[in-house]
1. Lys pairs in segment 3-160, Cα-Cα under 29 Å, at least 8 apart or on separate chains: how many?
2. Using the reciprocal of the averaged 1/r over all distinct C-alpha pairs, how large is the Kirkwood radius of segment 3-160 in Å?
3. Using the charge dipole of the chain (Lys, Arg: +1 at Cβ; Asp, Glu: -1 at Cβ; taken about the Cα centre), state which of Leu68, Gly88, Tyr33 has its Cα farthest towards the positive end.
4. Run the numbers on the chain and let me know its relative contact order in percent, using alpha-carbon pairs under 8 Å that are six or more apart.
5. Hey, with R₀ at 35 Å, roughly what FRET efficiency would Leu13 and His62 work out to, going by the Cβ-Cβ distance, to 0.05?
6. Quick check: the angle from helix 57-87's long axis to the longest principal axis of the chain, C-alpha only, nearest 10 degrees?
7. Might you work out the accessible area of Lys54 for me, using a 1.4 Å probe with all protein chains in place, and round it to the nearest 10 Å²?
8. So between Gln149 and Glu51, what do we pick up on full extension, going 0.36 nm a residue minus the alpha carbon distance?
Amino acid sequence: MSSEILAVLKPYLSFFHPVTMWILLVVALYAMYLGVQVRRTRLADGDIKKELVKGRFAIRHHQIGSILLALMVMGAIGGITVTYLNNGKIMIGPHLFAGLGMVGLISTSAALVPFMQKHDWVRSIHVSLNLILLGLFGWQAVTGVQIVQKMVSQMMKNGAA
Ligand code: HEM
Ligand code: HEM
């Protein structure tokens, strides 16, 4: 019974990870925008600073960053799980390692937060790690779409047979 349910759910499960990850890419870009505003606010002075402070960018960046952290870790675990359910094994390839690397980068960058207020060089590490993270995200989007294309052509072949 449970394997029948799994068979019905399989096609939807396969597309859940790619779709949610594209949404997460938009969230990541929004986090970057907020981070840039945090930096602008910190470095500004006078009236411009007063105006920027009203945006509460530091709090909003921290909130969106926390959501991004949780969804990225869950998304990577979800990707591995769905791959296993579909193939009975995990695909060892660039998408897997870049995904695991991203989990490492984002958790490290979040772990730096308590130390950032005191040391500016820790802020720079936070920003650098996250720029690498965004680069890898772009790469994941490309390799992820390639995997989707493979899956779709496999489904068409199976359907035609
Ligand atoms: C797309 C990923 C991210 C990017 C591009 C990014 C970028 C930045 C930038 C540019 C700053 C300002 C640094 C400065 O003032 O010089 C910053 C600060 C900060 N980030 Fe991130 N960040 C990201 C993810 C995260 C995550 C995942 C968290 C935590 C869960 C986080 C928490 C913070 C905090 C607490 C600050 C300091 C705010 C303050 O000054 O009070 N960020 N980030
Ligand atoms: C941005 C768009 C992304 C797309 C379109 C995408 C697409 C996919 C697809 C189609 C699979 C195979 C699922 C299956 O076999 O049913 C997969 C697996 C996986 N994804 Fe993604 N993904 C994306 C982003 C990410 C990100 C950001 C991470 C990590 C944070 C990630 C981590 C993984 C992992 C670890 C696997 C399992 C290993 C593998 O199949 O290589 N993916 N992804």
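1. 8
2. Details: mean 1/r = 0.0570 Å⁻¹.
Value: 17.5 Å, from the Cα pair sum.
3. Tyr33
4. It comes to 24 percent, rounded to a whole number.
5. Details: r = 32 Å, r/R0 = 0.92.
Calculated value: 0.65.
6. Around 20 degrees separate the two axes.
7. Approximately 140 Å² for this residue.
8. 30.6 nm
The values are calculated or read from the model by the stated rules, or taken from the named source; none is laboratory data. Quantities reported herein were computed from a predicted structural model and do not represent experimental measurements. Methodologically, a virtual Cβ is constructed for each residue, glycine included, from the backbone with ideal geometry; neighbour enumeration extends over all protein chains shown. Just so you know, the surface numbers come from the protein's heavy atoms only, side chains and all, with ligands and any DNA or RNA stripped out. Shrake-Rupley method; radii C 1.70, N 1.55, O 1.52, S 1.80 Å.
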